[in-house]
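Please read the structure below before turning to the comments.
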Amino acid sequence: MRIVVAMDSFKGSLSSMEANQAVLRALEGHEVTIIPISDGGEGFLDAWIATHAEGTIIEENVVCLDGIERVARFGFEPSTRHAVIEVAETAGLTLLAHVDPWRYSSVGVGQQIVQALERGAKIITIGLGGSGTMDGGKGLLEALGVRFLDANGAVLSTIPHRLEEVASIDWSGLHPRAREVVWRMSSDVQNPLIGGSGAAYVFGPQKGLAADVVKRYDRILNHYANCFEVDRRALPGAGAAGGIGFALLQLGATYVSGIEEVVSWSKLEEQLEKADWLITGEGKFDAQSFEGKAPYGLARLAHTRGVPTLVFTGQSDYTSHMESGIVAIFPIVSRIMTLEEAIWEAAPLLTNAVQRVRHVIEKAPRQ
């Protein structure tokens with residue numbers, strides 16, 4: 001049986017590559033094609049390097065979201081001078097022992113951009129997802145030389161970001177090459193910066209924003225956006241990665257779908273033409289999954305080619321979604337356990353879950 005395996009990451013537990021390998025262990029004897037997947041978040045860089053023979057990984061020190069200096073990676077292709085940056089490398093939730101949206105900064109993303117510019121990058125693609133920041137991209141812009149001033153004209157700190165104190169913005173120190181590159185932002189969400197579907201309301205709680213201050217933080221982001229000469233707060237993707245999308249739009253970035261981007265790299269469509277099944281999944285398959293998340297996008301793509309999809313996930317309230325070709329959704333937890341245990345044992349749980357199901361799909365009629 002020909003099976004395409006394209007697992008998204010299980011946040012805080014398994015990368016896309018690790019999840020793919022866990023599924024592969026349960027499918028011995030079948031013709032399996034592994035596709036690294038990302039919707040712009042964790043695994044975006046790995047998916048790029050796995051599909052670009054000329055691509056190289058650059059490792060440099062940067063200041064990460066919590067102010068700690070770490071070695072972080074980005075991709076660079078010398079022939080095209082294309083740099084690929086994954087926000088989660090320097091501003092990811094997985095780097096944190098605890099969350100603090102009032103403090104953390106996207107400065108590390110900006111530092112990686114500077115490193116890419118210094119290497120002569122002409123195209124910069126930034127994968128947005130898995131971030132632990134809510135600074136509106138202020139840190140990113142600060143790393144590029146933009147200054148944010150308070151009401152007295154004093155330069156504001158980067159960490160904590162002090163977003164609520166921004167009164168004016170000085171662009172005179174912007175890196176000279178920042179206006180010479182093609183900016184691309186790759187994401188799985190098209191949320192605006194503010195409002196009920198904006199960064200604070202939709203993504204703030206998962207980054208530690210208390211429910212009783214979400215409205216206040218939304219007002220702060222709105223105030224921050226008012227300090228820019230060009231209003232881009234309502235554009236698709238402005239609310240991605242805690243507003244990093246908004247900052248990139250200020251630089252002239254074009255929004256592209258994260259999953260469509262990765263699919264184009266991997267030649268997934270060609271693999272599906274000869275497949276019997278698609279197996280995909282993510283840590284949590286919920287209502288947000290139907291708004292551009294990778295497994296849903298992949299299932300729809302497979303459905304157009306008559307290929308049924310199985311989803312394996314850590315948690316879901318759904319059992320199937322036939323409209324998109326998802327014939328069954330399987331939670332991988334097989335016994336009562338704590339969340340910590342489920343995260344720690346995610347790989348064997350995933351392998352075991354696929355093993356339980358493989359005997360069913362082996363007997364299913366061929367498409």
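Structure notes:
- Extension gain for the segment Thr254 to Met1, taken as residue separation times 0.36 nm less the Cα-Cα distance, is 87.1 nm to one decimal.
- Mean Cα-pair separation over length for segment 293-355, i.e. relative contact order, pairs under 8 Å, 6 or more apart, %: 28 percent
- Solvent-accessible surface of protein heavy atoms, probed at 1.4 angstrom with all chains present, puts Cys64, Cys227 in the order Cys227, Cys64, largest first.
- Eligible lysines near Lys207 by straight Cα distance, threshold 25 Å, same-chain separation 8 or greater: Lys11, Lys138, Lys215, Lys284, Lys293
- Taken per residue, the accessible surface of the chain reaches 41 Å², heavy atoms only and a 1.4 Å probe.
- Once both labels are positioned 7 Å from their Cα atoms along Cα-to-Cβ, the gap between Asp212 and Arg119 label points is 4.7 nm.
- Segment Glu69-His52, length gained on full extension (0.36 nm per residue, minus Cα span): 3.3 nm
- On the basis of the beta-carbon distance and an R0 of 45 Å, Cys227 and Gln315 show a calculated FRET efficiency of 0.70.
- Label-point separation in nm, Glu362 to Met337, each point 7 Å along Cα→Cβ: 2.4 nm
- Degrees separating the helix 107-118 axis from the principal Cα axis of the chain, which is the longest one: 90 degrees
- Dividing the convex hull volume of the alpha carbon atoms of segment 147-251 by its residue count gives 109 Å³ per residue.
- Each peptide among 241-250, 153-162 gets the average number of other Cβ atoms lying within 10 Å of its residues, and from highest to lowest they stand as 241-250, 153-162.
- Taking the average, over residues, of other Cβ atoms within 10 Å as the packing measure, peptides 1-11, 299-309, 326-336 rank 1-11, 299-309, 326-336 from highest down.
- Proximal charge balance of Ser105 [Cβ under 15 Å; K/R count +1, D/E count -1]: -2
- The angle separating the long axis of helix 214-226 from the principal Cα axis of greatest extent in the chain is about 60 degrees.
- The relative contact order of the chain, computed from alpha carbon pairs under 8 Å that lie at least 6 residues apart in sequence, is 18 percent.
- For GluC sites (Glu not before Pro), the sites in segment 163-232 that DSSP calls loop and that have at most 11 other Cβ atoms within 10 Å are Glu180, Glu229.
- Beta bridges per DSSP, both residues in segment 112-195: antiparallel share near 45 percent.
- DSSP beta bridge pairing in the chain, given as percent antiparallel to the nearest 5: 35 percent
- Segment 79-211: relative contact order as a whole-number percent, Cα under 8 Å and 6+ apart: 28 percent
- Backbone phi angles across segment 152-162, fed through the Karplus curve with coefficients 6.51, -1.76 and 1.60 (θ = phi - 60°), yield HN-Hα couplings of 9, x, 7, 6, 7, 5, 8, 10, x, 6, 6 Hz in residue order; Gly and Pro are listed as x.
The values are calculated or read from the model by the stated rules, or taken from the named source; none is laboratory data. Please read all numbers here as calculations on a predicted model, not as lab measurements. Every residue, glycine as well, gets a Cβ built from its backbone with ideal geometry; the counts of neighbours run over all protein chains shown. Quick note on the areas: whole protein, heavy atoms, side chains included, nothing else; ligands and nucleic acids left out. Shrake-Rupley method; radii C 1.70, N 1.55, O 1.52, S 1.80 Å.
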